[in-house]
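What follows draws every value from the coordinates through simple rules; no lab data is involved. Nothing here was measured: the structure is a model prediction, and the numbers come from that model. Note that we place each Cβ from the backbone using ideal geometry, even for glycine, and neighbour counts take in every protein chain shown.
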Amino acid sequence: MTATNPNRNPNRNPNRNPNRTPDPNPPAMRILLVRPESTGGIGVHVDSLTRALREAGHDVRTLVATGTGAIPAIRHAARQAHVDVVHAHGLRAGAAACLATRKRTVVTLHNAPSNRAGEMLMRLIAQRADAVLAASHDLVEAVTGNGAKNARFGPVVAPALPAPTLPTSQVRTELRNALGLATATADAADPRRLVLAVGRLAPQKDYATLLNALIILKNRLGPAHIPSVAIAGEGRERAALQATIDAHELPVVLLGHRADIADLLRAADVFVMCSTWEARPLALQEALRAGVPHVIATDVGGVAEVTAGYLPLIPPGDPEALSRALMDAASASRAAMPDWDALWPGPQEELAAVLAAYAEKPPNRS
């Protein structure tokens, strides 16, 4: 009696001819998605990709890989699930996957290296990954310059915004109360517009420049005429940011991690992204899709690819430029914006790029 392997995919034919015409309905694959511990853009993207791959009929396992245990954890998960493809996200998880397994390895890069260690990880990925998908074209150039033979743009699409959970007026009232503006009603005119920033409290997001811009405005205009700011996100820079907020008595509240970003975006008058680098930031895509009346963003990484010339961008690390942009937003009428979903790659293009990387013959193997 022949034993049956319970992990065997019955759709896979071990005797299939590799030279035959590609099947328009390829058999299901076993996929291991590896990501760092993240509540930000990478985590959101991997969760969305997991759902899309499963809806397409693939067997998907996910693994959060961190620290020194990442390599053995990936190796064990890949062997146990008999996966066809390991798809890792980010520099650290990507490098760990390249070292952990001989399975077909695809890496999606979401961020550029910020230090020497990151540059080493990118070189390792470039030399060992079977395919590299990069969230912006400058990342494609960077990893290709490090020796990658098979690197291309892989769109990272923000998921559709969920339906509102609360009336916008109620969310605005909550933000006003948190900012000490409780004397005004939700319907009252307020010269201080509600400004929202979304992202980890980390050096890359450069909230220090945002605070410095507010200090400039406070010194020039007085405290009654500067915008009120809410920052949704958590991270290691919280204490330093809060110290600056307190020392200068700035109308800024650190909201911490929030699950209601869509509601916050709908309540905001202005969205600010002042990062020193981004590839294809999901928060910016969400703000534009939500129709925030005024959006301010830095001209870094792939941001210009997202905004497609419809928004004036400001240089990073420039509080003077940011202060001017905030003042312009306070007085300008709402600008006409395009149908962003018609301009951007959609979920189907995102999934197609991933599946193409999974299915092709690895260039680094015989």
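Structural remarks
- Net length available on complete extension from H82 to E249 is 54.4 nm, with 0.36 nm assigned per residue and the Cα-Cα distance removed.
- Going from the fewest other Cβ atoms within 10 Å to the most, the residues M120, M29 appear in the order M120, M29.
- Rg/Rh for the chain, where both radii come from Cα atoms and Rh is the Kirkwood radius: 1.03
- Cα-derived Rg to Rh of the stretch 120-173, Kirkwood definition: 1.39
- Exposure rule at most 12 other beta-carbon atoms within 10 Å, DSSP loop trypsin sites (Lys or Arg not before Pro): the chain longest free segment: 103-235
- Residues in the stretch 238-248 carry Karplus couplings, in order, of 4, 4, 5, 5, 5, 4, 5, 4, 5, 5, 9 Hz; the curve used is 6.51 cos²θ - 1.76 cosθ + 1.60 with θ = phi - 60°, and Gly or Pro positions show x.
- Long-range amide H partners of G301 with built H, under 5 Å: E278
- Simple Cβ-charge dipole of the chain, Lys/Arg +1 and Asp/Glu -1, about Cα centre, in debye nearest 20: 1660 debye
- Counting only residues at least eight positions apart within a chain, or on another chain, the lysines with an alpha carbon under 25 Å from that of K218 are K205.
- Once backbone amide H atoms are built at 1.01 Å from N, T62 has L33 as its partners under 5 Å, excluding neighbours fewer than 5 places away on the same chain.
- Coupling constants for the stretch 333-343 follow from the phi torsions by the Karplus curve (6.51 cos²θ - 1.76 cosθ + 1.60, θ = phi - 60°), and in residue order they are 7, 5, 7, 6, 10, x, 7, 4, 5, 6, 8 Hz; glycine and proline get x.
- Prolate is the label for the stretch 229-366, because the ratio a/c of its alpha-carbon gyration tensor axes (a ≥ b ≥ c) is 1.5 or higher and a/b is greater than b/c.
- Calculated FRET value between N219 and E119, using beta carbons and R₀ = 35 Å, to 0.05: 0.35
- Gain on full stretching of the segment that runs from D318 to E305 - 0.36 nm per residue minus C-alpha separation: 2.6 nm
- Computed over every Cα-Cα pair of the stretch 219-289 and binned at 10 Å starting from 0, the pair-distance distribution P(r) comes out as 15, 45, 34, 5 percent.
- Selected from M122, M273, M327 as most flexible by GNM, with the chain as the system and alpha-carbon contacts under 10 Å: M327
- Top positive-direction residue, dipole computed over the stretch 256-366 with Cβ charges, set A330, P293, A283: A283
- Of the residues H82, H45, H137, the one that moves most in a GNM of the chain with alpha-carbon contacts below 10 Å is H82.
- Fluctuation leader among L133, L161, L264 - the chain, Gaussian network, Cα springs under 10 angstrom: L161
- Available extension along the chain between N177 and A332 is 53.3 nm, counting 0.36 nm per residue and deducting the alpha carbon span.
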